[in-house]
1. What tally of residues in region 94-126 results from selecting those that are in a strand (DSSP E or B) and under 21 Å from Leu181 (Cβ atoms)?
2. Return the residues of region 127-148 that are in contact with a Lys or Arg (Cβ under 9 Å, 6 or more places away or on another chain), not small (Gly, Ala, Ser) and not in a loop (DSSP other than H, G, I, E, B); say none if nothing qualifies.
3. Of (1) within 23 Å of Val82 (Cα to Cα); (2) in contact with a Pro (Cβ under 7 Å, 6 or more places away or on another chain), Leu166 satisfies all except one. Which?
4. Could you check Asn131 against (1) within 26 Å of the chain's Cα centre (by Cα); (2) closer than 21 Å to Tyr182 by Cα; (3) surrounded by fewer than 17 Cβ atoms within 10 Å (Cβ to Cβ); (4) polar (S, T, N, Q) and say which number it fails?
Amino acid sequence: MFDEPEHSAIRLKSRPNAGTATRRGAERTKGEVAMIMPVVSRRSFNRSSLISLLAATAATSFARAAAAQPQAPASASMQREVIKQELPGEPSRDLILVEVTYPPGAGSPPHLHANGVMAFVVSDTIASKVNDEPEQTFHAGSAWWEAPGSVHRISRNASATEPARLLAIYIAPQGATATDLYKPL
């Protein structure tokens, strides 16, 4: 029972001041309690510590992000600016990355993007119809471009059970606001 390589047994007397602990292989006597302690190598300790640290950090980050985001009705999309970075050169422009999350079956009303937009599906599936083109379905890992002034007639989560997420990537005049980037019709 105590010969497993992953564990080391320590027996402690249950009586106060009954003596010292013995290591594996010793016989158990009346009044002793067996404790199994894992043998931890430096490598497994570092790996376990790193995994625990990453899990705790991720859980904390997700909790903070969820608490910081305003809650939208279940039928509406939620938008979050991920990064806004000034690009070098003239004219002055910003690269703006916006995360859009659609609850199951939800979508956006018809709209246009005055500066154009590149969309990348992060998770699940998005149904999209731009101008008079046929409706298309884009799965995680897919991307498309909407030229400046294009009318985005349909933008919705194609799933009735899973949320969908996309990243909208804009190159816009410096100082552009959310209403400059996305204009409902």
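1. The initial filter retains those residues of region 94-126 that are in a strand (DSSP E or B), namely 94-102, 107-108, 111-112, 117-123, 125-126.
The next check asks that each one be under 21 Å from Leu181 (Cβ atoms); those that pass are 94-102, 107-108, 111-112, 117-122, 126.
Count: 20.
2. Hits for region 127-148 are Lys129, Val130, Gln136.
3. (2)
4. Only one criterion in (1) within 26 Å of the chain's Cα centre (by Cα); (2) closer than 21 Å to Tyr182 by Cα; (3) surrounded by fewer than 17 Cβ atoms within 10 Å (Cβ to Cβ); (4) polar (S, T, N, Q) is unmet by Asn131, namely (1).
None of the figures in this text is laboratory data; all of them are computed from the coordinates on show. A quick note: this is a predicted structure, and the numbers were derived from the prediction, not measured. With ideal geometry, Cβ positions are generated from the backbone for all residues, glycine too; neighbour counts draw on all protein chains shown.
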